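Written out below as structure tokens is the structure these notes cover.
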Amino acid sequence: MSTRQRRPSRTYRRPQRDPVRILAFEALRAVGERGAYANLVLPPLLARAKEDGEFDARDAALATELVYGTLRRQGTYDAVLAACVDRPLGEVDPPVLDVLSLGAHQLLGTRIPSHAAVSSSVELARCVVGDGRAKFVNAVLRRVAAHDLDDWLERVAPPYDEDPERHLALVHAHPRWVVAALWDALGGDRAGIEQLLAADNERPLVTLAARPGRSTVEELRAEPGAEPGRWSPYAVRLTEGGEPGALAAVRDGRAGVQDEGSQLVALALANAPLTGPDRRWLDGCAGPGGKAALLAALAAERGAALVAAERQPHRARLVADVLDGNPGPYQVVVADGTRPAWRPGSFDRVLIDVPCTGLGALRRRPEARWRRRPEDLDGLVALQRELLRGALAAVRPGGVVGYATCSPHLAETRLVVADVLKGLAGEGGTAVERIDARPLLPGVPELGPGPDVQLWPHRHGTDAMYLALLRRTA
Ligand SMILES: C[S@@+](CC[C@H](N)C(=O)[O-])C[C@H]1O[C@@H](n2cnc3c(N)ncnc32)[C@H](O)[C@@H]1O
């Protein structure tokens, strides 16, 4: 018999499974690995967790905050993590990096106590990437936990006076090129751009639009915490959150979830002065159909009909769903606005809400700022010009076109309009005059020098929508 004493083996402890953090990790993986959108990935994951009885409302709120916060501040957390990892972050396995980012957010962006943030991240790592890498996660997050966010920003961001754009990029978690583009569009001093960048990091209230003739603001205000919007007569803001999809009016399509900026764009186009008949309206980039639904309802009140055109068949189907039940005539068509399926001069009013970088809607798409590249602009701007030319061909002389983007990037807003108008002037055919859009957004202050309008999250509480109104004169 051996006389050797056996060392007591360390008893293996199973990792603690935390459904909230596992779900947040799954959502981050879907966004990072499959290019999914957090606002689309998260709701079905949350619904399943609730159905399985794993989640209550507080768990859902925490999971949402962890996913949105981690994605939104990714650039800042990457800079902090890079200072705590002894190899380039690109060499860290993406799932491990997701665990680290989630941990960094809990440590630096929430009130979760440091010990709980580290230990829950280590347990998560044990569940999803294994015990070996959990040790690495533990070591890195302990380094992160040594400082608070302000301390870290002083360490990783250059002083403002040395490099203002990089400073703001790290402090407010935006890519540098986005800071530069937003600042160009906004103009002004440091205070304005800081307010805008900070507003981009706030989750907006859910806003509903009561579609005229189908539901009323009074009906929607019966919801707990519902308040009238700030600018649109059809808007209701849900100040206590909740699930808008559960509301009967939203479920039946009589109301929709729609930012007030989008409502204002549709309203301004609908109210822009024109000469001659006002019966045929076109939404040339209609999918998924938010503005088309408001326009179709307004058109119905005035005895006009809306054609809603969309190039992608699956998005055209979404438009058809949204318009179903509209009280007046409408048609949904799959059509490419650069090669119109209608005769020139067919419409009295045309909205062209073009595909864009979406830099005006960063509040609701937390990952978008990191995914977009400045190179994306080339293709988008070329398409935007083509679509605006197509819209001007589609409207009859005397009719109006609204050119809208949910980006304030000057290359997508003023420069597109200026380029197209310059081109038309050289051609000597179609003639266009600009309409001052500002009086068509009554009561809304600080819309810019005109004649176009630019809304801003920090000034108006809306997405940064842009609208130029053009009337064909020949
Ligand atoms: C910014 S979204 C429009 C949002 C929509 N107006 C709303 O309020 O729900 C732009 C839409 O234009 C569509 N699109 C892109 N290229 C197009 C084209 N050449 N012709 C028509 N639609 C196009 C995209 O598929 C996308 O659905």
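Values as computed for the structure displayed
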{"quantity": "DSSP bridge pairs, the chain: antiparallel proportion in percent, nearest 5", "calculated": "55"}
{"quantity": "Charge context of R126, other residues only, Cβ under 12 angstrom, K/R +1, D/E -1", "calculated": "+3"}
{"quantity": "Base-10 log of normalised Debye intensity for segment 19-149 (one unit scatterer per alpha-carbon) at q = 0.15, 0.18 Å⁻¹", "calculated": "-0.65, -0.94"}
{"quantity": "Potential extension, R13-D184 segment - 0.36 nm per residue separation minus Cα distance", "calculated": "56.0 nm"}
{"quantity": "Test item: Cα-centred dipole of segment 337-474, Lys/Arg +1 and Asp/Glu -1 on Cβ, debye", "calculated": "200"}
{"quantity": "Equivalent ellipsoid, segment 96-153 (semi-axes from 5 times Cα gyration tensor eigenvalues, Å)", "calculated": "19, 10, 9"}
{"quantity": "Highest-first arrangement of 53-62, 391-400, where packing means the average Cβ count within 10 Å", "calculated": "391-400, 53-62"}
{"quantity": "Rounded to whole Hz, the Karplus (6.51, -1.76, 1.60) HN-Hα couplings of segment 104-116, x for glycine and proline", "calculated": "4, 5, 4, 6, 10, x, 9, 9, 5, x, 3, 4, 6"}
{"quantity": "Karplus 3J(HN,Hα) series, Hz, for segment 408-415 with 6.51 cos²θ - 1.76 cosθ + 1.60 (x for Gly, Pro)", "calculated": "x, 4, 4, 5, 9, 10, 4, 5"}
{"quantity": "Alpha-carbon Rg with Dmax, taken over segment 378-445, Å", "calculated": "12.8, 38"}
{"quantity": "Cα-centred dipole magnitude for the chain, charges only on beta-carbon of K, R (+1) and D, E (-1), debye, nearest 20", "calculated": "1180"}
{"quantity": "Volume per residue of the C-alpha convex hull in segment 316-379, rounded to whole Å³", "calculated": "155"}
{"quantity": "Per-bin percent of Cα-Cα distances, segment 340-415 [10 Å]", "calculated": "19, 43, 26, 11, 1"}
{"quantity": "Computed Kirkwood radius, in angstrom, where 1/r is averaged over Cα pairs of segment 260-472", "calculated": "17.1"}
{"quantity": "Kirkwood hydrodynamic radius (C-alpha pairs) into Stokes-Einstein, segment 206-257, 10 °C and 1.306 mPa s, D in µm²/s", "calculated": "152"}
{"quantity": "Projected label distance in nm at D56 and E91, using a 7 Å step from Cα toward the beta-carbon", "calculated": "4.7"}
{"quantity": "Residue-count net charge about L196 - beta-carbon cut-off 13 Å; Lys, Arg +1, Asp, Glu -1", "calculated": "-3"}
{"quantity": "Segment 381-474, accessible surface, carbon-and-sulfur percent (1.4 angstrom probe)", "calculated": "56"}
{"quantity": "Descending principal axes extents, the chain, alpha-carbon based, whole Å", "calculated": "106, 52, 38"}
{"quantity": "Dipole of the chain, positive direction: furthest Cα of V401, L247, P15, with charges on the beta-carbon", "calculated": "P15"}
{"quantity": "Mean Cα-pair separation over length for the chain, i.e. relative contact order, pairs under 8 Å, 6 or more apart, %", "calculated": "12"}
{"quantity": "Euclidean distance of C-alpha centroids, segment 191-231 and segment 77-140, integer Å", "calculated": "36"}
{"quantity": "Dimensionless Rg/Rh of segment 346-474 - Kirkwood Rh, Rg from C-alpha atoms", "calculated": "0.98"}
{"quantity": "Alpha-carbon Debye profile of segment 174-301, log10 I(q)/I(0) at 0.11, 0.18, 0.21 Å⁻¹", "calculated": "-0.50, -1.00, -1.13"}
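The values are calculated or read from the model by the stated rules, or taken from the named source; none is laboratory data. Owing to the predicted nature of the structure, the values given are computational and were not obtained by experimental measurement. Don't worry about glycine lacking a Cβ; one is built from the backbone with ideal geometry, like all the others, and counts go over all protein chains shown. Heavy atoms of the whole protein, side chains included, go into the accessibility calculation; ligands, DNA and RNA do not. Shrake-Rupley method; radii C 1.70, N 1.55, O 1.52, S 1.80 Å.
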